[in-house]
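Note sheet for the following structure.
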Amino acid sequence: MTEPLFDSIALIGIGLIGSSLARVIAAKGLAGQVRIATRSTETLDAARALELGDSYFRSNAEAAEGADLVIVSVPVGASEAVARQIGPHLKPGAIVSDVGSTKASVVRQMAPHIPDHAHFIAGHPIAGTEQSGPEAGFAELFENRWCILTPESGADPEAVARLRGFWQACGSMVDEMDPDHHDRVLAIVSHLPHIIAYNIVGTADDLETVTKSEVIKYSASGFRDFTRLAASDPVMWRDVCLHNKDALLEMLSRFSEDLSSLQRAIRWGDGDKLYELFSRTRGIRRSIIQAGQDTEEPNFGRDAHKAEAGAAE
Ligand code: NAP
């Protein structure tokens, strides 16, 4: 346990990410008190039953009142409504951040509603699972994972440093980048893979020549690895697609071109081309393991509880 970094932290949204924050804040003693808000009584009751905070609110405004750090963890399409609600209730010097998977849209939605006496610094922890809700969180989620902050050019350096320190205390490594650049990077490393997974699982589900029971029975041959991504929260991913439209469309068109080229290689029996690509991609996986972002253990070393920590975001 260290000295609390903030007297009072408000967590708006207490699903997978919000509840993982609540757990790591408690485990490491990062806040004097934790104020939790979520829109539904069911989720709030679940958070209370899990003892994730010190006080519980249905009103985002009330939770933000008096907090030194406010972290918004809701689907990105809800960011503007939340910022509008909390803006007038922020105390001078409060830091407001978020965890949304897209950044340019979140900055556009939230920044205008944060008063000059508070600091808005958007963020995105590159850590997650395909699970949702307060029960799904765990304190180690952010450990050894990157968190990207996208402060605006005039952001207060001291506030940025405090937020950086917070994420480091949660176990993360922190990078800073421009929101548009973030969205392009995430379009390829996260958003496109999820779209491909949703698409392939949808295609298998629609096939007439192979039965659904065969797809499930023989899934260990590759298909099941896509189903994990395709089991991710539909609301979250609907919002990611709608809010990172340009970067995602750009990556999708590049992907389609490369897929056509692969299709041609298969059609014309171009084994050299296939071998060259498959060898190159094998090297990428080795680099990911060397960077400590996955493990060589069988089944990706994933056990039941910490299923795929850091693999979906
Ligand atoms: P989650 O488990 O589904 O929890 C969502 C939370 O947001 C719940 O408290 C929910 O409230 C609330 N919420 C949902 N819709 C809302 C709305 N329209 N207005 C206000 N509140 C709303 O989601 P999560 O996985 O924690 O994701 C939260 C954010 O983190 C998203 O922006 C996502 O892009 C980002 N993110 C996710 C991952 C991941 O792998 N899951 C990783 C990195 C970042 P109720 O339950 O009370 O309705």
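The values are calculated or read from the model by the stated rules, or taken from the named source; none is laboratory data. Values in this document were obtained by computation on a predicted structure and should not be read as measured data. A quick note on method: Cβ atoms are made from the backbone with ideal geometry, for glycine too, and the neighbour counts reach across all protein chains shown. Heads up: the accessible areas ignore ligands, DNA and RNA and are worked out on the full protein's heavy atoms, side chains in. Shrake-Rupley method; radii C 1.70, N 1.55, O 1.52, S 1.80 Å.
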Report summary line: Here the percent of antiparallel bridges among DSSP beta bridges lying wholly in the chain, to the nearest 5, is 15
Report summary line: For His113, His182, the accessible-area ranking with a 1.4 Å probe, largest leading, is His113, His182
Requested in this report: Identify, among Gly271, Ala31, Ile195, the residue whose Cα sits farthest towards the positive end of the charge dipole of the chain, taking +1 on the Cβ of Lys and Arg and -1 on the Cβ of Asp and Glu, with the dipole about the Cα centre.
Outcome: Gly271
Query - Peptides ranked, highest mean first, by Cβ atoms within 10 Å: ranges 273-279, 158-164 - result: 158-164, 273-279
Requested in this report: Per DSSP H run of at least 4 residues, take -39500 (n - 2.57); add these up for the chain, divide by its residues and hand me the 222 nm value, nearest 500 deg cm²/dmol.
Outcome: -14000 deg cm²/dmol
Report task. Find the percent of Cα-Cα distances in the chain that exceed 26 Å, and round it to a whole number. Result -> 49
Report summary line: Scattering profile of the stretch 193-247 from the Debye formula, Cα beads only, expressed as log10 I(q)/I(0) at q = 0.13, 0.15, 0.16, 0.30 Å⁻¹, is -0.37, -0.48, -0.53, -1.21
Requested in this report: Run the dipole for the chain about the Cα centre, Lys and Arg Cβ at +1, Asp and Glu Cβ at -1, nothing else charged, and hand back the magnitude in debye, nearest 20.
Outcome: 400
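Take every Cα-Cα pair in the stretch 1-157 and report what % of them are more than 26 Å apart.
Of all Cα-Cα distances in the stretch 1-157, 17 percent exceed 26 Å.
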Query raised in the report: According to a simple spin-label model (label point 7 Å from Cα along Cα-to-Cβ), what is the distance in nm between Arg238 and Glu208?
Result: 3.0
Query raised in the report: Can you give the convex hull volume of the alpha carbon atoms of the stretch 4-85 per residue, in Å³?
Result: 78
Report task. State the antiparallel share, in %, of DSSP beta bridges confined to the stretch 23-178, rounding to the nearest 5. Result -> 25
Report summary line: The rounded separation in angstrom of the Cα centers of the stretch 216-232 and the stretch 1-74 is 34
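Can you tell me the order of 246-254, 214-222, 96-104, 20-28 when each peptide is scored by its average per-residue count of other Cβ atoms within 10 angstrom, highest first?
Listed from highest to lowest mean packing, they are 96-104, 20-28, 246-254, 214-222.
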